[in-house]
Amino acid sequence: MADTDFITTHELWDEERRDSAARIPAELESIEFVRVVVADLHGLARSKTFTRRAFLRVLRDGARFSSSVFLLDTGGNVAIDYLDEGAGVEIEELRGAGNFVAVPDPLTFRVLPWTCRPCGWVIADEYLRSGAPHPLSPRKLLQALQCEVARRGWRHNVGLELEWHLTRYAHPFGSGEMEPGHESAPPTVVAVDNARQLNLEGLTDALATVLDPLTSALLQLGLPLRTIEHESGPGQLEFTFDAMDGLDAADAAMLVRVAAKQVCQRLGHHATFMALPKFEGLNANGWHLHQSLGLPGGTSLFQPDEPSEPLSEIGRRFVAGLLRYAAEGTIFATPTINGYRRFDDRFPFAPTRVNWSTEHRGALVRVAGGADDPETHVESRLGEPCANPYLYLSSQLSAGLAGIDAGLDPGEALRASPVDDAPRLPRSLRAALDAFVKGEHYTQLLGSSLTACWTQVKMNELRRFEAWRSKHGDTETDVSDWEHLEYFQRF
């Protein structure tokens, strides 16, 4: 393949990225390999590992990846016939699973501190071979929205709050027969504790042999880890992070999940971000997204002037947008069949209705702060921790901006328990997919190709689950074996 200098030819890096790329060769002197990572539609990291010599060429010409990474459902099954004129996705390069070009973002370059041999790690942006942004790229979607925020002179501030479960391997390769549509049986694991005690200090300390290496790795990677907490369920943990720029936060979420799974695996443990694994007595995992708009380096634009008000006018409009588009955007915050297990009476802090509150944790949107708090922000409680971070943040930001532009009003904040007459959120992946398809806001945001691809990929996931349920006759209330096979190891 000719050395085309693809990145310079198509002017794909700004000055900051060019300067950062110029510093990478010096760092490569002590590194043998670099993993170039792209995020698929599910937010799973798909990578190729390059030798140091080969990666120097990638910094000029990008890396070629098969388009099939965009066509897989959560089980790794090809959901779109790539031999059939793009199967309605209208992208010529999908035919025959042709290559796209993955261009490293030098600002995301890290050296992984847990690998046996020195190894770099970098997130890449996806481009068509013409140099145009790939229409199926979730990261490019978020970048475009971040540019719109910057055009307005604002900054999108995002704080991550991720819950997950830690278990210990009994057998890392699982047992029993593999189900059709699943590439492997999940690992057999045992609980690390049987506690149901929120924030009990001794429980966190008891897990120090795993948490200390993991949190040390996160800090070495430069991630702004804020707190480590033992949540309410057995082996359930929560990591929170200081506010970051929106794109940095989405990149961080990718890296946190990679780090947790890889570090824990090396220590004989299994980390899962699945919303509700198939074990007795577990609490459901959520991904609470803290966000605000602000001036670069300044205070939150959500901070109200009046002590009696929870939010500024721009903050109220942002919340109104989140509420207006909550139903059709649920599929981006909770994109798996298993994620809807959270929306159950057993888990009262998971939202079920479209409402907002200044403090109630059962509301969809909770306001934190006030007139005396320059970090006033809103917390969206809709997400599950295995959501695609780029699609999740894009859906939230676009809804908030639409609320601002339309001058929407969120109505009265919830004062007590969730009110019965507030609209319900979708209670299943099928209902969420229907709401997405029937809506206009997100189909316009994604564009025709990404809308078609996303819809087909999620429909394939649903069809396989419903076929399994028809055959095995499981109940709708219990986590199924299918969900455990589908999500426990992968997420």
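All of the numbers you see were taken from the coordinates with simple rules; none came from a lab. All values reported here derive from a predicted model rather than from experimental measurement. Please note: Cβ atoms are built from the backbone with ideal geometry, for glycine as well, and neighbour counts cover all protein chains shown.
What do you get for GluC sites (Glu not before Pro) in the range 438-491 restricted to DSSP loop and a cutoff of at most 14 other Cβ within 10 Å of the site's Cβ?
Answer in residue order: GLU440, GLU476.
Given the C-alpha atoms of the range 360-491, compute the convex hull and give its volume per residue in Å³.
Spread over its residues, the Cα hull of the range 360-491 gives 168 Å³ apiece.
Suppose the Debye formula is applied to equal point scatterers at every Cα of the range 237-364; what is log10 I(q)/I(0) at q = 0.11, 0.17, 0.23 Å⁻¹?
Results for the range 237-364 at q = 0.11, 0.17, 0.23 Å⁻¹ read -0.52, -1.14, -1.53.
Around LEU267, under 12 Å between beta carbons, what's the net of Lys plus Arg minus Asp minus Glu among the other residues?
Here the count lands on +2.
Over all alpha-carbon pairs in the range 198-285, figure out the percentage whose distance exceeds 16 Å.
56
Can you tell me the relative contact order of the chain? Whole percent, Cα pairs under 8 Å, sequence separation 6 or more.
Relative CO of the chain lands at 16 percent.
How high is the FRET efficiency between ASP372 and CYS147 when r is their beta carbon distance and R₀ equals 35 Å, given to the nearest 0.05?
Once rounded, the FRET efficiency stands at 0.60.
Taking every eigenvalue of the Cα gyration tensor of the range 6-136, multiplying by 5 and rooting it, what semi-axes result, largest first, whole Å?
The answer is 28, 18, 11 Å, longest axis first.
Using a Förster radius of 45 Å, what is the FRET efficiency between GLU11 and THR204 based on their Cβ-Cβ separation? Nearest 0.05, please.
The calculated FRET efficiency here is 0.40.
Select from TRP13, CYS119, LEU44 the residue farthest towards the positive end of the dipole of the range 6-136; place +1 on Cβ of Lys and Arg, -1 on Cβ of Asp and Glu, and compute about the Cα centre.
It is CYS119.
Extending each Cα 7 Å along its Cβ direction at ASP345 and VAL111, get the distance between those two points in nm, one decimal.
That separation, rounded to one decimal, is 5.6 nm.
How big is the shadow of the Cα convex hull of the chain, averaged over all directions, in nm²?
Seen from a random direction, the Cα hull of the chain projects 23.1 nm² on average.
Along the Cα→Cβ direction, 7 angstrom out, place labels at ASN99 and ASP305. What is the inter-label distance in nm?
For ASN99 paired with ASP305, the spin-label model returns 5.8 nm.
If the only charges are +1 at each Lys and Arg Cβ and -1 at each Asp and Glu Cβ, what is the size of the charge dipole of the range 150-487 around the Cα centre, to the nearest 20 debye?
780
Taking the range 56-154, which trypsin sites (Lys or Arg not before Pro) meet the DSSP loop condition and have no more than 14 other C-beta atoms within 10 Å?
Those satisfying the criteria are ARG152.
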